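Reading through the structure tokens given below for one structure.
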């Protein structure tokens with residue numbers, strides 16, 4: 001058949017082929033769902049949503065911590081042709097009001113813990129309460145009629161809208177098509193060694209593409225098992241990874257959870273022998289983190305991606321994790337990348353430029369934002385906003401975000417490089433570099449440091465350490481000590497907040 005491929009239902013497939021296989025284990029509530037369970041609940045939810053007037057193209061918002069309902073809602077929307085709208089629960093009501101005003105969902109499904117926010121946001125809502133078997137959500141499923149006939153969809157149909165963090169101005173809703181999710185499963189599933197025997201511990205928030213698609217959706221696509229943590233706790237995560245009865249084979253996180261786990265007292269005694277793949281992405285990973293985990297026999301497999309790429313764009317094969325430490329790998333199978341200068345010309349190996357990407361995994365644009373869509377593309381190529389370089393073998397190294405780079409005395413400084421040097425100091429628990437105004441040099445670096453408990457460390461110690469390891473223009477000119485760095489829900493340092501505080 002020619003034309004755009006049709007969408008097929010993974011959960012219905014596995015419910016038919018391997019109905020008793022475990023699909024989801026919610027560690028917070030101890031609830032377990034086989035593929036038959038998940039398929040049946042998805043059917044009942046689709047019928048319940050249809051009874052509430054939800055149909056093709058309608059948006060269904062979700063405000064909840066990690067729970068199995070994310071996947072019930074995702075696949076129920078797919079059976080109706082509706083569009084899931086996962087909401088960042090760390091946002092304030094005014095921020096959420098903007099998103100709901102932009103996306104106009106017909107229904108808000110929310111966890112009981114967000115009842116107050118939900119009441120301020122929507123009149124049409126359905127509450128999840130895991131402590132009550134008769135919650136509004138469960139009552140809706142219990143009284144639902146027959147499963148509706150599935151809507152015929154193609155890879156071009158929209159399945160989800162995910163709002164970006166909005167580093168400048170209002171957040172933008174990245175359009176996520178069914179094809180993007182499928183190609184991410186293919187692109188990522190093969191190099192991540194995902195099979196029906198895969199068991200993944202999911203710790204990133206499921207409203208974020210990293211939590212939902214690295215590797216939760218690919219694992220369900222393959223017929224494996226996902227274990228959900230309500231919220232990340234380093235000691236508890238190490239306990240789960242060590243538990244032979246859980247048999248966890250896969251883990252994915254941004255650098256911060258790996259950092260917090262390796263600083264935890266349980267780290268050295270944890271049994272990590274069952275991990276086949278430990279993936280890291282979302283931000284440049286400090287070499288100290290990569291080396292510490294590698295020393296425990298767990299080479300972290302780096303990758304690169306973003307919400308707009310569904311998210312996987314590049315990945316380092318496990319076999320190269322040690323040989324190419326620090327690299328984000330190469331473009332995935334059904335994806336192409338370029339690194340270009342300011343004029344759009346390809347840069348030579350070793351040169352730094354902006355990473356561009358194209359493929360079937362790329363968003364068609366932003367919800368209600370035609371101008372933002374237009375400015376983000378050059379032809380088929382999406383501008384990522386990430387600074388990167390290629391080595392002589394074609395491996396990608398993400399240097400930093402373009403917006404985090406600063407220019408000191410005419411020289412580009414990429415904070416991630418300086419942060420790697422700061423993490424070499426044993427007294428440093430956490431670190432970030434920002435550029436601050438300077439009359440002579442335009443901008444200079446400022447180090448924001450979190451000391452480890454009971455550790456002595458002064459500004460002069462840090463500057464002397466950097467002087468012996470970095471060109472002088474890269475050495476921070478000042479240091480501020482704080483109790484903790486501001487981070488978003490996925491663990492990324494919010495440098496815009498640091499700039500507001502220290503470089504207004």
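Tabulated results
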item	result
Some residue of the stretch 62-70 being touching a strand residue (DSSP E or B) at 6+ places or on another chain (Cβ under 9 Å), within 17 Å of residue 209 (Cα to Cα), in contact (Cβ under 8 Å) with a residue 12 or more places away in the chain and part of a helix (DSSP H, G or I)	yes
Any chance residue 474 is closer than 30 Å to residue 89 by Cβ and either crowded, with 18+ Cβ neighbours inside 10 Å or touching a helix residue (DSSP H, G or I) at 6+ places or on another chain (Cβ under 8 Å) (or both)	no
Residue match in the stretch 411-420 (condition: in a strand (DSSP E or B) and farther than 19 Å from residue 398 by Cβ)	yes
Candidates 319, 288, 278, filtered to the one that is closer than 26 Å to residue 426 by Cβ, assigned to a helix (DSSP H, G or I) and either more than 14 Å from the chain's Cα centre (by Cα) or without any contact (Cβ under 8 Å) to a residue 60 or more places away in the chain (or both)	288
Failed condition for residue 195, given (1) surrounded by 19 or more Cβ atoms within 10 Å (Cβ to Cβ); (2) in contact with a helix residue (DSSP H, G or I) (Cβ under 7 Å, 6 or more places away or on another chain); (3) under 18 Å from residue 278 (Cα atoms)	(1)
Residue check, residue 457 in contact (Cβ under 8 Å) with a residue 24 or more places away in the chain, more than 20 Å from residue 493 (Cα to Cα), over 26 Å from the mean Cα position of the chain (by Cα) and not in a strand (DSSP E or B)	yes
Subset tally (residues that are touching a residue at least 60 places away in the same chain (Cβ under 8 Å), crowded, with 21+ Cβ neighbours inside 10 Å and in contact with a helix residue (DSSP H, G or I) (Cβ under 7 Å, 6 or more places away or on another chain)) for the stretch 13-43	5
Residue match in the stretch 246-253 (condition: at pLDDT 95 or above, under 27 Å from residue 486 (Cα atoms) and part of a loop (DSSP other than H, G, I, E, B))	no
Filter pass, residue 256 being in the same structural domain as residue 185 (by TED's automatic domain parsing), within 23 Å of the chain's Cα centre (by Cα) and surrounded by fewer than 21 Cβ atoms within 10 Å (Cβ to Cβ)	no
Residue 400 vs. criteria outside the structural domain of residue 288 (by TED's automatic domain parsing) and at pLDDT 95 or above	no
Any hit, the stretch 224-234, residues being crowded, with 23+ Cβ neighbours inside 10 Å and under 23 Å from residue 485 (Cβ atoms)	no
Only one of 212, 238 that is more than 21 Å from residue 430 (Cβ to Cβ) and buried (at least 18 other Cβ atoms within 10 Å of the Cβ)	212
The stretch 82-97, subset part of a loop (DSSP other than H, G, I, E, B) and more than 26 Å from residue 56 (Cα to Cα), residue nearest to the chain's Cα centre (by Cα)	90
Inter-residue pairs, beta-carbon under 7 Å, first closer than 13 Å to residue 149 by Cα and in the stretch 47-60, second assigned to a loop (DSSP other than H, G, I, E, B) and modelled with pLDDT under 95, 6+ apart	47/145; 47/146; 47/147; 47/148; 50/148; 56/151
The stretch 92-110, residues that are surrounded by fewer than 16 Cβ atoms within 10 Å (Cβ to Cβ) and either touching a helix residue (DSSP H, G or I) at 6+ places or on another chain (Cβ under 9 Å) or modelled with pLDDT of 95 or more (or both)	92, 93, 97, 101, 104
Filtered residues of the stretch 1-12 (kept if touching a residue at least 24 places away in the same chain (Cβ under 8 Å) and either surrounded by 15 or more Cβ atoms within 10 Å (Cβ to Cβ) or under 27 Å from the mean Cα position of the chain (by Cα) (or both))	5, 6, 7, 9, 10, 11, 12
Single residue of the stretch 414-435 satisfying the filter (farther than 17 Å from residue 470 by Cβ and in contact with a strand residue (DSSP E or B) (Cβ under 8 Å, 6 or more places away or on another chain)) that is surrounded by the most Cβ atoms within 10 Å (Cβ to Cβ)	430
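Residues are listed down the side, and each one gets a yes or a no for (1) within 25 Å of residue 231 (Cβ to Cβ); (2) surrounded by 20 or more Cβ atoms within 10 Å (Cβ to Cβ); (3) in contact (Cβ under 8 Å) with a residue 12 or more places away in the chain:
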| residue | (1), (2), (3) |
| --- | --- |
| 90 | yes, no, yes |
| 112 | yes, no, yes |
| 119 | yes, no, no |
| 128 | yes, yes, yes |
| 135 | yes, no, yes |
| 140 | no, no, yes |
| 143 | no, no, yes |
| 147 | no, no, yes |
| 156 | no, no, yes |
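Let's see how each residue does on (1) under 24 Å from residue 254 (Cα atoms); (2) assigned to a strand (DSSP E or B):
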{"position": "303", "(1), (2)": "yes, yes"}
{"position": "314", "(1), (2)": "yes, yes"}
{"position": "326", "(1), (2)": "yes, no"}
{"position": "357", "(1), (2)": "yes, yes"}
{"position": "387", "(1), (2)": "yes, yes"}
{"position": "407", "(1), (2)": "no, yes"}
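The values are calculated or read from the model by the stated rules, or taken from the named source; none is laboratory data. Note that the coordinates shown come from a computational prediction; the quantities given were computed from them, not determined experimentally. Glycine gets a Cβ as well: all are built from the backbone with ideal geometry, and neighbour counts include every protein chain shown.
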